[in-house]
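Each value in this text was obtained by applying a stated rule to the coordinates, not by laboratory testing. This is a predicted model, so every value here is computed, not measured. Here Cβ is always computed from backbone atoms with ideal geometry, including for glycine, and neighbour counts include all displayed protein chains.
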């Protein structure tokens, strides 16, 4: 039995919002945004385009690369903090849109760490129940423009919309190693208030008051998050490398969550990973939350930059607080 990634896909909307556009919306400058975040532009979906539509485009591309039909999927796992609706799940909506009639479906919320959490859960299901689950579609998809306060210059400059997908296949006739070499996920709910969207759930149902106070928008304590983010990324990566017995020198690529260039640089420096082996595309997309790592992976794959047996280290940190790292053998 061997569980492998057989397809990747990603999608970002056509509309591009550049730093020069944001200069006209809030009190900011291109230089300020670039120097503090590394972001030059981000892709923004139309108002009427839901997260499931972003996910659909990424899913179809991954399925096409995998060479399978949607009906063959046994599982759809979507990591998202911006579901179409509270229920039904965005995964169920996606199932309908792509015709994956035989797939079990669920959403998972781990904010920016979502894709790693989703991969961990889906991989575990394929491993534990090989005769029940052979093909799994794992996605990270977020329409963050729908929960951003466009009057708050500290947050609106950071985020973009996008989706990414991978297809996992459990080959019962193959004895090659699985794609997961080692993984680590964690959380610290004590810091939940540092990054959240306070309203819209059972704790603070929607009301005129919650809307007026922008409580349906992202609330973030940036300074406190920076130190925790770097520590979360570094510690989870070090644990994965130590347990696996793989050295930093053996890593072909590190794919960090694309949150902020300063966080990425600080984490890479503490891990002693050369910058040329750290994949970064934040300047083009901004922070796409659960989608970001998968977008990077898809770009590497389609760009011919991944070779068989390459070790790829993916790592993320997000609201919850959550963090994780996964060492993948390509």
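Quick notes
- Sorted on the mean count of surrounding Cβ atoms within 10 Å across their residues, most packed first, peptides 26-33, 105-112, 231-238 read 105-112, 231-238, 26-33.
- Cα-based shape type of segment 69-111, given that a ≥ b ≥ c are square roots of the gyration tensor eigenvalues and the cut on a/c is 1.5: prolate
- For segment 178-235 versus segment 32-53, the gap between their alpha-carbon centres in whole angstrom: 18 Å
- Once the gyration tensor of the Cα atoms in segment 2-171 is diagonalised, the equivalent ellipsoid follows with semi-axes of 33, 15, 14 Å, ordered largest first.
- More than 19 angstrom apart: percent of Cα pairs within segment 231-325: 36 percent
- Each Cα pair under 8 Å and six or more residues apart adds its sequence gap; the mean of these over the residue count of segment 180-329 is a relative contact order of 38 percent.
- CD proxy at 222 nm, helix term only [per DSSP H run n ≥ 4: -39500 (n - 2.57); per residue of the chain; nearest 500]: -10000 deg cm²/dmol
- Average projected area [Cα convex hull, segment 1-101], square nanometres: 9.1 nm²
- FRET efficiency for residue 101 and residue 127, using Cβ-Cβ distance with R0 set to 30 Å, rounded to 0.05: 0.80
- Förster radius 41 Å - calculated FRET efficiency between residue 243 and residue 208 (Cβ-Cβ, nearest 0.05): 0.20
- All C-alpha to C-alpha distances of the chain, sorted into 10 Å bins beginning at zero, yield P(r) values of 6, 28, 36, 23, 6, 1 percent in whole numbers.
- If the chain linking residue 275 and residue 86 were pulled fully straight, counting 0.36 nm for each residue of separation and taking away their Cα-Cα distance, it would gain 64.0 nm.
- Only Cα pairs under 8 Å and 6+ residues apart enter the sum, and on that basis the relative contact order of the chain stands at 26 percent.
- Segment 270-288 residues near the modelled residue 26 label - backbone nitrogen below 18 Å, point 7 Å along Cα→Cβ: 283-288
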